[in-house]
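A.B. asks: This is the structure, below, for whatever I ask next.
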Amino acid sequence: MLVMKFGGTSLGDAERIDTVVSLVRQRLAQRPVVVCSAHAGVTDLLLAGAHAAAAGRPDLSPIRDRETALLRALKLSPKLVDGDLERLDQMFRGLALLGELTPRSLDQVAAFGERMSVKAIAAVLRRRRIPATAVDADEAGLVTDGRFGRATPLPAAYPNLKRAIAKVKGVPVVTGFLGRDVDGNVTTLGRSGSDYTATILGRALSATEVEIWTDVSGVLTADPRIVPKAVPVEHLTYAEASELAYYGAKVIHPATIQPAVEKGIPVRILNTLDPAALGTVIRPGRGRRTQRVTSIASKRGIHLINILSGRMLGQSGFMAKVFDVFKVHDVAVDLIATSEVSITVSVDDTQDLPKVVKDLKAFGKVSVTADATLVAVIGERMKQASGLAGQVFNAIGEAGVPVLAISYGATKTNLQLVVPSSQERTVVRALHAVLFE
Ligand code: ADP
Ligand code: ASP
Ligand code: MG
């Protein structure tokens, strides 16, 4: 079996959807299971709609118009999604009455984009004589924990999905992004979560490969919106791909690689705009590639927290106590740098930051720098490359950018720098020039 995941842009208009149909047709012998995102822009419309509704302005029309126009362009009846639009309409009215929006209702609303897109794609496939059935992943047993907006699958999800997919007639067209917790609430796997659904299904079905179809020809050496000269990376290890995604390369959801690792399933990133392009393959082991660095990623919206504590830092157990604060508030730490008298950490989840800062004050003087960007230079062969750190710091020095924090771990597969967000582009471009051009 083969999992083929199509992102929002690949499902954004009738022409792109034509390409999707022919790609599925070409692979019928491999028994494809299709995973769909919402059509481009629909998730954003749903989230904006939910916020507006809770603020007393329920308005379904932007979503209805977008879906209806697309179905008409596909020569399908808009009635196909009437049931979903009706339920959404009721939810928006309910939110307006309540005047509040919980993470739980937000997930319930956000999930409609995928519920509608799978109906459209399955119908288009059937019209082109490819038997297909739309499947809602929550109904097919994708059970998750109850962390709304960033849920992860429970172990039972895998056997559940295997059983449910085996019963589906024709090509299963499965909703990405969504699941359901044990209490029956709809959950989502986080923005871009359909990538994660694809590898979850891949693991459940022991797929031969997971194809992620998007709008770029693979993982590139940097974000093409920052570095137009970025080029595709032919091969990445699981570790490199996970780090890239985690440190902000938007092309795959950060957790995507985990389920693939469990079964050693290759993940291929391919371009619906240029299906013949090689793309990037992510798998264990390495090809004949000799590059030391594979890619540069950057993550905005980072906060740096500095704890200055001359008294306690040398004491045993001090670090554990500090990190316990982050654990208690469920805030993930990205970068850690220590000195004799201080600890600096970077975090990107700022929701519970005030609570963290309050608790950290028990250990010393705490300061927070907002609006920073974490830039990560990634490559498993970096450890064999002498002089790399020097090259990186020279380039940044020449660009005249102040570095707020640095971390170059013992494994040396990842060099991280924190810079002011206003300098993100300058730094990424300077590093790309010195490392790749
Ligand atoms: P999809 O809708 O197919 O899921 P996304 O917009 O989520 O697509 O991801 C693809 C986009 O990720 C690209 O268009 C590109 O702008 C961005 N991107 C950021 N970093 C990278 C990178 N290193 N390589 C490729 N694309 C990247
Ligand atoms: N539709 C969701 C989003 O826009 C999930 C995805 O596209 O993968 O984030
Ligand atoms: Mg995506």
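A.B. asks: Residue by residue through region 1-23, note down the ones that are away from ligand 1 (no atom under 16 Å from the Cβ) and either of a type in the set (Ser, Thr, Tyr) or open to solvent by less than 20 Å² (accessible area, probe 1.4 Å) (or both).
C.D. replies: Once the filter is applied, which keeps residues that are away from ligand 1 (no atom under 16 Å from the Cβ) and either of a type in the set (Ser, Thr, Tyr) or open to solvent by less than 20 Å² (accessible area, probe 1.4 Å) (or both), region 1-23 yields Leu2, Val21, Ser22.
A.B. asks: From Leu308, Leu273, Leu313, grab the single residue that is modelled with pLDDT of 95 or more, away from ligand 2 (no atom under 16 Å from the Cβ) and surrounded by fewer than 20 Cβ atoms within 10 Å (Cβ to Cβ).
C.D. replies: Only one candidate passes the filter, namely Leu273.
A.B. asks: Name the residues in region 116-126 that are under 14 Å from Asp138 (Cα atoms) and open to solvent by 10 Å² or more (accessible area, probe 1.4 Å), would you?
C.D. replies: Selection gives nothing.
A.B. asks: For region 194-218, give me each residue that is open to solvent by 10 Å² or more (accessible area, probe 1.4 Å), polar (S, T, N, Q) and within 11 Å of ligand 3 (Cβ to nearest atom).
C.D. replies: Thr214
A.B. asks: Let me ask something additional. Quick check, is Tyr196 more than 25 Å from Met1 (Cβ to Cβ), under 12 Å from the mean Cα position of the chain (by Cα) and not aliphatic (A, V, I, L, M)?
C.D. replies: Here the answer is no, as Tyr196 does not meet what is asked.
A.B. asks: Considering only region 94-133, state which residues are in contact (Cβ under 8 Å) with a residue 40 or more places away in the chain and either aromatic (Phe, Trp, Tyr) or at positive phi (or both).
C.D. replies: Correct list: Gly99, Phe112.
A.B. asks: Going by the structure shown, is Val186 over 19 Å from Pro159 (Cα atoms) and under 16 Å from the mean Cα position of the chain (by Cα)?
C.D. replies: Criteria not met by Val186.
A.B. asks: Okay, next question. So how many residues does region 314-336 have that are outside any loop (DSSP other than H, G, I, E, B) and farther than 24 Å from Val377 by Cα?
C.D. replies: Looking only at that region, the number is 11.
A.B. asks: Restricting the search to region 344-367, which residues are open to solvent by 40 Å² or more (accessible area, probe 1.4 Å) and within 19 Å of Glu424 (Cβ to Cβ)?
C.D. replies: Within region 344-367, Asp348, Thr350 qualify.
A.B. asks: Here is a list of conditions, (1) crowded, with 20+ Cβ neighbours inside 10 Å; (2) touching a strand residue (DSSP E or B) at 6+ places or on another chain (Cβ under 8 Å), and Arg27 meets all of them except one; can you say which number that is?
C.D. replies: The failed condition is (1).
A.B. asks: Looking at region 172-187 only, could you name the residues that are surrounded by 24 or more Cβ atoms within 10 Å (Cβ to Cβ) and either more than 10 Å from Asp138 (Cβ to Cβ) or modelled with pLDDT under 95 (or both)? It would help to see each step written out before you state the result.
C.D. replies: Kept after step one, since they are surrounded by 24 or more Cβ atoms within 10 Å (Cβ to Cβ), are these residues of region 172-187: 172-179, 187.
Passing the criteria: Pro172, Val173, Val174, Gly176, Phe177.
A.B. asks: Can you pull out every residue in region 337-369 that is outside any loop (DSSP other than H, G, I, E, B), hydrophobic (A, V, I, L, M, F, W, C) and in contact (Cβ under 8 Å) with a residue 40 or more places away in the chain?
C.D. replies: Kept after step one, since they are outside any loop (DSSP other than H, G, I, E, B), are these residues of region 337-369: 337-338, 342-347, 353-360, 365-369.
From the residues that got through so far, the ones that are hydrophobic (A, V, I, L, M, F, W, C) too are 337, 343, 345, 347, 353, 356-357, 360, 366, 368.
Of everything in region 337-369, those that are outside any loop (DSSP other than H, G, I, E, B), hydrophobic (A, V, I, L, M, F, W, C) and in contact (Cβ under 8 Å) with a residue 40 or more places away in the chain turn out to be Ala337, Val345, Val347, Leu353, Val356, Val357, Leu360, Val366, Val368.
Conditions tested, residue by residue: (1) buried (at least 16 other Cβ atoms within 10 Å of the Cβ); (2) within 17 Å of Ala249 (Cβ to Cβ); (3) at pLDDT 90 or above.
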site	(1), (2), (3)
Thr373	yes, yes, yes
Gln384	no, no, no
Lys412	yes, no, no
Gln423	yes, no, yes
Ala430	yes, no, yes
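A.B. asks: Just one of the numbered conditions (1) more than 16 Å from ligand 1 (Cβ to nearest atom); (2) part of a helix (DSSP H, G or I); (3) open to solvent by less than 10 Å² (accessible area, probe 1.4 Å) is not true of Val33; which one?
C.D. replies: Here Val33 clears every test but (2).
A.B. asks: Can I ask one more? Would you confirm, using the coordinates I've provided, whether Gly287 is touching a His at 6+ places or on another chain (Cβ under 6 Å) and either part of a loop (DSSP other than H, G, I, E, B) or modelled with pLDDT under 90 (or both)? Don't jump to the end; show me each part of the working.
C.D. replies: On the way: touching a His at 6+ places or on another chain (Cβ under 6 Å): yes; either part of a loop (DSSP other than H, G, I, E, B) or modelled with pLDDT under 90 (or both): yes.
In short, yes.
A.B. asks: May I ask you to say which residue of Glu380, Glu340, Glu398 is open to solvent by 70 Å² or more (accessible area, probe 1.4 Å) and either modelled with pLDDT under 90 or within 22 Å of Ala239 (Cα to Cα) (or both)?
C.D. replies: Testing whether each residue is open to solvent by 70 Å² or more (accessible area, probe 1.4 Å) and either modelled with pLDDT under 90 or within 22 Å of Ala239 (Cα to Cα) (or both) leaves just Glu340.
The values are calculated or read from the model by the stated rules, or taken from the named source; none is laboratory data. Quantities reported herein were computed from a predicted structural model and do not represent experimental measurements. Cβ coordinates were reconstructed from backbone atoms using ideal geometry, including for glycine residues, and neighbour counts include every protein chain displayed. Calculation scope for accessible area: heavy atoms of the full protein, side chains included, ligands and nucleic acids excluded. Shrake-Rupley method; radii C 1.70, N 1.55, O 1.52, S 1.80 Å.
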